[in-house]
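**Q** Got a structure here, written out as C-alpha cells. Questions coming.
The values are calculated or read from the model by the stated rules, or taken from the named source; none is laboratory data. Note that the structure is a prediction, hence the values are computed from the model and not measured. In this analysis, Cβ positions are derived from the backbone assuming ideal geometry, glycine residues included, and neighbour counts consider all displayed protein chains. Heads up: the accessible areas ignore ligands, DNA and RNA and are worked out on the full protein's heavy atoms, side chains in. Shrake-Rupley method; radii C 1.70, N 1.55, O 1.52, S 1.80 Å.
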Amino acid sequence: MCRAICGVTIVVSPSGQIANITAASKIARPGDVIELMAGTYTAKEQIYKLYGTRDMPITIRAGADGGVVFDGSSLTLSGSTPILSFYQVGYLVVQGPIEIRSSSGNGMNVLNGTHMEICNLTIHETQKWALATSGVDIHIHHNEMYRCVLENEDGKSTHGWSQCVASWAIDSAANTLSSGVLWEFNTIHDTWGEGLDLIQCDGCTARDNTVYDSWSVLLYSDNVRNILIERNVLYCTSDEHNRNGNRPTILLIGTESWPTHPIPTVNLTIRNNLGIGGGNGIAYYGEENYYSEIKAYYNTFWNTTGAGVYFPENPTQGISSGNELRNNQRLAIHRRHSTNRLHRLHQHLLRHPEILLQCHRDILRTLHAGIIPKHITTGITGMLHSQ
C-alpha cells in the first residue's frame, strides 16, 4: 500500500545484494528512492528508460553518511562513453554528495532526459566531458566540475577539444533541440576544454555560475535561440590555459556550421555578468548563418587583454537585426604593473570575491547616469600597491 502512495527505498551498496544503480533502476518504480551507501563503485552504470511521474519522481541520492564515489580508473571507456549514463529517463532526481572521477571518456551523460534535477555532484579527472546533457526541463545546480578534457592537457590535442560541461541537441541530425535546460550555481574550473557550453538549445539558461581557467572559451552559446545568460562570474587567474598565446574569450556567441542543420543564433540575452582577466569580453565567432536580437546589457569586464565587445563582420549579410549592446563596461589596470603583482592581486580577489562583486554592483547602480565611480579604480589600484 505504501509503495503506491510514497514509494520505497532501494538500498545500493558496493558489497550489498544490489551493488549498482543499474540493477536498482530495473526494479524502481515512481516514487521510489535509490539510496547509495558509502563506498567506491567501479562498474559502468547504464540507466535506461527509468521514469517517475510529475507527482512521484524517482530519486537517486547519497545516503546520510556520504562518501559515495564512482571511480572509472579500472574501466576502458572509448570516445565519450561515461562512467554514469542516463538515457531516455524522466521525472528523475540525482542528488549528491556524489563524486565521479577518473574517466577515460566522460564523467556522466544525460541523453534525452526530461524533467530532471541534478545537484551536488563533484566530477573531475575526465578525458572528455565531465557532464554532457540533452533533453527538456533539466535543472543542473550546485555541482563542481574540474580537471576535465584532459585529452587536451597543455593544448596537446591535434583533433580539437570538447567542453567540460554542455547541453546539446536531443537529435542533431533531426534538428531536435534541447529546451528548458537551466544551469545555475555550478562551479567549473581548471579545464582543458571550453567551460560551460549551450549548444543547439532553445529556451535554456545559464545564471549564477562560476567558471574559471578554461581553454579557449569560458562560456559559449552556439546554434541557439531564446537564451538567457546572467549573473555569472567568469575569470582567468593565469596564462596556463592560453590558446596560441591568447587568454580565453569570456563570453562567446557562435553560429558554427558543423551541425547537420545549422541554425542562426537568435534572441540571446547576456546581462549582469562579471568577467575578469580573460581575452575578449563578449565576442562572436561564425562560419555561416547569422545572428539577430543579441542583447548585451550591464556586463562588466575587468583587466581583459582583448576588446570588451568584439563582433566582426556577420557571415550572412543584410539579415542581422535587433541587436542591442548597452551599458557594458571594461575596466583595466595600467600596463606598468608587473605580472607578479597582477597574479598576487588575482589571488587576493579570489580569496575576497566580494570586493569585485561590490564593484560590479556599484557600476550597475551608476551606469545609467554615465558615471564610473572613482573609488572603484582608485580602490583597485591602491589594493594592487598594497599586495
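**Q** Would you please put 76-83, 9-16 in order of how densely packed they are, using the mean number of other Cβ atoms within 10 angstrom per residue and starting with the highest? Please report the intermediate quantities before stating the final value.
**A** On the way: 76-83: 16.4, 9-16: 14.9.
Ranked from most to least packed, the peptides come out as 76-83, 9-16.
**Q** If amide H atoms are built 1.01 Å from N in the plane of the peptide, which residues on other chains or at least 5 residues away come under 5 Å of the amide H of I10?
**A** So I10 has HN proximity to V33, I34, E35.
**Q** If you don't mind, there's one more thing I want to ask. Run the accessible area of segment 21-112 with a 1.4 Å probe and give the carbon-and-sulfur part as a rounded percent.
**A** 47 percent
**Q** Where the accessible area of segment 237-281 is counted over protein heavy atoms with a 1.4 Å probe, how much of it, in %, is carbon and sulfur?
**A** 36 percent
**Q** Also, quick follow-up: Hey, can you rank 17-28, 221-232 by average C-beta count inside 10 Å, highest first?
**A** Top to bottom by mean Cβ count within 10 Å: 221-232, 17-28.
**Q** Using a 7 Å offset from the Cα along the Cα-to-Cβ direction at both Y310 and S13, what is the distance between the two label points in nm, to one decimal?
**A** Between Y310 and S13, the simple spin-label model gives 5.7 nm.
**Q** How would you classify segment 227-331 from its alpha-carbon gyration tensor, with a ≥ b ≥ c the square roots of the eigenvalues: rounded for a/c under 1.5, else prolate if a/b is greater than b/c, otherwise oblate? Don't jump to the answer; show the numbers that get you there.
**A** Details: a/c = 2.08, a/b = 1.40, b/c = 1.49.
Note, shape of segment 227-331 comes out oblate.
**Q** What ratio of Cα Rg to 2.2 N^0.38 Å holds for segment 70-178?
**A** 1.03
**Q** A follow-up question, please. On average, how much accessible surface per residue is there in segment 157-205, in Å², for a 1.4 Å probe, leaving out ligands, DNA and RNA?
**A** Values: 1380 Å² over 49 residues.
Accessible surface, normalised per residue, equals 28 Å².
**Q** Could you state the per residue volume, in Å³, of the convex hull enclosing the Cα atoms of segment 279-329?
**A** Convex hull of Cα atoms, per residue: 63 Å³.
**Q** Next question. Quick one: which residues, 5+ away or cross-chain, put their amide H under 5 Å from the amide H of S216? H built at 1.01 Å from N.
**A** Residues meeting the criterion, in which the H sits 1.01 Å from N, are R243.
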